[in-house]
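See below for the structure under consideration.
Rule-based calculations on the coordinates, nothing more; no lab input. Worth saying up front: this structure is predicted, and the values here are computed from it rather than measured. Cβ sites come from the backbone with ideal geometry, for glycine too, and all protein chains shown count toward neighbours.
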Amino acid sequence: MSQPFRRGRWAFAVTAATALLLTIAPAASARETGAADGSARTGDVVAAAPATFTHPGVLVSRPQLDFIRSRVNANAQPWKAAYDQMMASRYASLTRTARPRAVVECGSYSNPNNGCTDEREDALAAYTLALAWYITQDSRYATKAIQIMDAWSATIQDHTNSNAPLQTAWAGSSWPRAAEIIRYTYSGWSAANITRFGTMLRNVYLPEIINGNTYSNGNWELSMMEASIGISVFLEDRSVYDRALAKFRARVPAFIYLTSDGAFPRGPAGSTIDTRAEVASYWQGQNTFVDGLSQETCRDFTHTGYGISAIAHVAETTRHQGQDIYPELQDRLRHALGFHAKYQLGEAIPSWLCGGSLTTGLGPVTEVGFNALNNRMGIAMTNTQRLTEQQRPAGTNNLFVAWETLTHAGNPN
């Protein structure tokens, strides 16, 4: 899945609720982040995390859930087809048995794979079942989602090996989506187990992801910040929210290029990647830069899609929390979606782009960004629209993206 890299480990007691405070610096009063182009500027002051968090509010909101349910109940398309696809998947099964383990070990490309697939898919199943509960109002789905979340929160203690941060990010993106829906729309999850689940997120997941990873490929850190922000909403932790959003805003312009950035892209914030030659090497050898090109375009579209998806997910969650960052991201996101969509659709590849050869396979990652930019903001996106509609209903990548035609196609909320 992703290449191994050097990383430090933190010593922390998984049973101590305050352990994370030792690894996370307090949010600065003048936060780093947030220029209008989606860059990070030291000293810029931006809106803080909400004083009151909105729930459910990780990727999907209650108004969005109500819209989905109304469309499915009306047998309207594409939502009914997307719902049927979801309900036919293994993730919606009421006979699923969770497979938690104390230590999930994931090496490069999930080799070894000791619990990696189990954890990711159980987290996706919990989210799928939570959606199924809300749409059907059948409590069996909520009960099954709770069983899965309780099994993991009672068991897991750590993630190890080289892919640990990415594995933690992927599962940590799905868990809060599920937990938010169940906690705030269903009365059958015990207070004690909700607390235990939150402790799991704080002590097992956050320490692995909140500090980011400067020299990894960009999809890593973007996914890590997506998970961190989702977890911060569930925990109602304003300091973690602000820290994650600052790191996210700093990473976005190091992942998607705009010509307004200058002659070549920025290196990741805090890195020593700052010359054109160093940036070109980090951008997979690409030396010609155009609007919407990604740091991983010349690697492959699949990993590029992970990063684009995480960007849209973060923007969607922060919008639900009253901090709409789509306007500052819109140019990068629309150009990235359009640039990759046209080649995914089969446009001839110019010789200057990745040596004239691309590995496509963008995945089901366009619905959230397309809905925000095109449907809600009125931005024309011809190639992205064509690809999005062609791929409907968008299913799951079995990692951290799932059912986004159902949740976001044409959703006005």
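Here are some notes:
- Pairs of Cα atoms nearer than 8 Å and 6+ residues apart set the relative contact order; for the chain it is 20 percent.
- Model label sites at residue 157 and residue 263, defined 7 Å from Cα along the beta-carbon direction, differ in position by 5.5 nm.
- Between segment 157-225 and segment 380-413, the Cα center-to-center distance that results, in Å: 24
- Rounded to the nearest Hz, the phi-derived 3J(HN,Hα) couplings of segment 246-252 under the Karplus curve 6.51 cos²θ - 1.76 cosθ + 1.60 (θ = phi - 60°) are 4, 5, 4, 4, 6, 7, 3, where x marks glycine and proline.
- Burial ordering of 106, 116, fewest other beta-carbon atoms within 10 Å first: 116, 106
- Residues of segment 141-155 with amide N under 17 Å of the 7 Å Cα→Cβ point at residue 190: 143-155
- DSSP loop trypsin sites (Lys or Arg not before Pro) with at most 11 other Cβ within 10 Å: longest gap in the chain: 10-413
- Spacing of the two label points (7 Å from each Cα toward its C-beta) at residue 281 and residue 70, in nm: 5.6
- Cα centroid separation - segment 52-94 against segment 269-287, whole Å: 41
- Karplus-derived HN-Hα couplings along segment 354-371 (A = 6.51, B = -1.76, C = 1.60, θ = phi - 60°), whole Hz, x at Gly and Pro: 6, x, x, 9, 10, 9, 7, x, 4, x, x, 10, 9, 4, 5, x, 5, 5
- From phi via Karplus (6.51, -1.76, 1.60), per-residue ³J(HN,Hα) for segment 136-149 in Hz, x at Gly/Pro: 8, 6, 8, 5, 4, 6, 5, 4, 5, 4, 5, 4, 5, 5
- Point-to-point label distance, residue 347-residue 108, nm (Cα→Cβ direction, 7 Å offset): 3.4
- Only the Cβ atoms of Lys and Arg (+1) and of Asp and Glu (-1) were treated as charged; on that basis the dipole of segment 64-408 about its Cα centre amounts to roughly 500 debye.
- Volume of the Cα convex hull of segment 263-413, divided per residue and given in Å³: 118
- Within segment 169-234: Cβ-based charge dipole about Cα centre, in debye rounded to nearest 20 (Lys, Arg +1; Asp, Glu -1): 260
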